[in-house]
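The structure under discussion appears below in the form of structure tokens.
The values are calculated or read from the model by the stated rules, or taken from the named source; none is laboratory data. Just so it is clear, the model here is predicted, and its values are computed rather than measured. Counting neighbours? That spans all protein chains shown, and the Cβs are built from the backbone with ideal geometry, glycine included. Remember, those area values only see protein heavy atoms, side chains included, never the ligands or the DNA or RNA. Shrake-Rupley method; radii C 1.70, N 1.55, O 1.52, S 1.80 Å.
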Amino acid sequence: HISDASSATSKKVVQEILKVFQLNPDSPELPTQMKSISSSFITVAKAIEDLRSDNTLFHGQDSEKYLISEP
């Protein structure tokens, strides 16, 4: 249960959702394939966070790196 979802990162929200569905990748009972899928969901959420933070005009970026200009 996330106490303040409005300030939670995407990665944290995905981790909490996976716990609710008993798909925590750290669970020793979870089959290897399911651990891989769960970990991949977390990796995707983190990559989206990083992309939004580092590569959008909405977070004050003005460098020459790849930027996303559409919300």
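Below are the figures for this structure:
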read-out	value
Label-point separation, residue 51 to residue 34 (7 Å along Cα→Cβ), nm	2.8 nm
Residue 41 accessible area, assembled protein chains, probe 1.4 Å, Å²	120 Å²
Heavy atoms of residue 39: accessible area, 1.4 Å probe, square angstrom to 10	50 Å²
